[in-house]
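Data first, discussion second: the structure below is written as structure tokens.
Taken together, the values in this text are just the output of simple stated rules run on the coordinates, not laboratory data. Everything numeric here is computed off the predicted structure, so don't read it as measured data. Neighbour counts run over all protein chains shown; Cβ positions are idealised from the backbone, glycine included.
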Amino acid sequence: MSRFLRIAAPRSVSVIDQPSVPLEAGQARVRTIYSGISAGTELTAYRGTNPYLTSIWDPESRLFGPGTEALGYPLDAWGYSEVGEVVEVAPPNGQAAGQGTANPGAGAPAAGAPVQVGDIVWGIWGHRDEGILAAESLRGHVLPEGMDPLAGAFVRVGAIALSAVLAADLGPGSTVAIFGQGVIGLLATRFAVLNGAKVIAVDGIPSRRRRALEWGALHALTPAPQLAGDIRRITGGAGVDVAIELSGNYKALHEATRAVGADGTVIAAGFYQGEAAGVRFGEEFHHNRVQVLASQIGSVPNRLRSRWTVPRLQQTVVDHLADGRVNAPALVTHTFSLADAAKAYELLDTDPESALQVVLEFP
């Protein structure tokens, strides 16, 4: 038997048993070790605010629209931060175990060797105790030998943070305000510091502000009416060069437009829900000619697309996790078993001051 997590309705979580199934040709079975719960995207599903619940994304037109085929409850095995051990691999049809898997007629193969039994891999297979995936999809997802498997649960969220930092075009001497110091915000803070930028972290939770300072931010401020003025004083009146908004809060997005100086840039990387209440574009945004750029993990920043890809983003994160430049496991505040997943979601939903990264651990 295997088990997976089900969100049956808003704020209703259960664990479902199902029979284990044999692998088909070309598949791999991965035994889950850790699965991180997202306090952003996943909570939108838990709370019932995710846009996929009420509309349909058309990948051709790249528009959302109403429709009866919209994603609905129950939502099974949501999650995108998994790490586990490969325990079984079925070779492709017509190929004996141990033969290569490259297809000369399919273009350049993915980077990395084919996965083997015993490899520790990161990936996306949701909150379940075993994942069955195309073995080729795990090529390039093997963690370096000796790397803490728990760190592997941060590869995807780390790539979200790194993409936002790359979009901000930071370097030595740059000033950046990073709004939201949850897991992705703290990872962005660390990457920005490693890029040589001077970071001003903004968050309403004291423990997160302290963590931002530990990870290299020069200042950690509380959201307040005088925030933009405080940032002007810190920067000698200039404002920051760039603001990265990662909280998904529209008021924070508005404050980000006030934090940058003339001709500054705001990277909107949060997952915003509903209408943009609190954003006013007739004030600082207009008079300072502020540019707003969206950052989303489906692609890399436009100016980098000839050299960077999402796999390169992810591998860069793995490199930083493996050598200790980013100590992501230190962000874990709570671990739960899959059986107690409902308590994990409730904690993230109701007590963000105590919960930072919540992880499901599979014995």
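Counting only DSSP beta bridges with both residues in the chain, the antiparallel share comes to about 60 percent. Computed over the chain with a Gaussian network model linking Cα atoms closer than 10 Å, the most mobile of 40, 146, 126 is 146.
Between residue 296 and residue 343, the modelled labels are 3.7 nm apart [label points 7 Å from Cα along Cα→Cβ]. Translational diffusion coefficient, Stokes-Einstein: compute it for the stretch 294-363 using the Kirkwood radius over C-alpha pairs as Rh, at 37 °C and 0.692 mPa s, and state it as an integer in µm² s⁻¹. Translational diffusion coefficient: 222 µm²/s. Near the amide H of residue 334, within less than 5 Å, lie the amide hydrogens of 356, 357, 359, all on another chain or at least 5 residues away, with H placed in the peptide plane. Under the simplified labelling scheme, the residue 283-residue 210 pair shows an inter-label distance of 3.2 nm, with each label point 7 Å from Cα along Cα→Cβ. Between residue 117 and residue 54, how many nm apart are label points set 7 Å from Cα along the C-beta direction? With each label placed 7 Å out from Cα toward Cβ, I get 5.0 nm.
Each 10 Å bin from 0 upward holds the following percent of the Cα-Cα pairs of the chain: 5, 23, 31, 26, 12, 3, 0.
The alpha carbon radius of gyration of the stretch 165-262, expressed as a multiple of 2.2 N^0.38 Å, is 0.92.
Near the amide H of residue 2, within less than 5 Å, lie the amide hydrogens of 18, 20, all on another chain or at least 5 residues away, with H placed in the peptide plane.
Residues of the stretch 261-288 falling in the label zone of residue 251, defined by backbone nitrogen less than 16 Å from a point 7 Å along Cα to beta-carbon, are 273, 275-280.
Axis of helix 155-168 versus longest Cα principal axis of the chain: the two differ by about 30°, to the nearest ten degrees. Entry for the stretch 126-206 at q = 0.11, 0.12 Å⁻¹: log10 I(q)/I(0) = -0.41, -0.48, Debye formula applied to identical alpha-carbon scatterers, no solvent contribution. Quick one: helix 183-194 against the long Cα principal axis of the chain, what's the angle to the nearest 10°, folded into 0 to 90? Tilt of helix 183-194: around 70 degrees.
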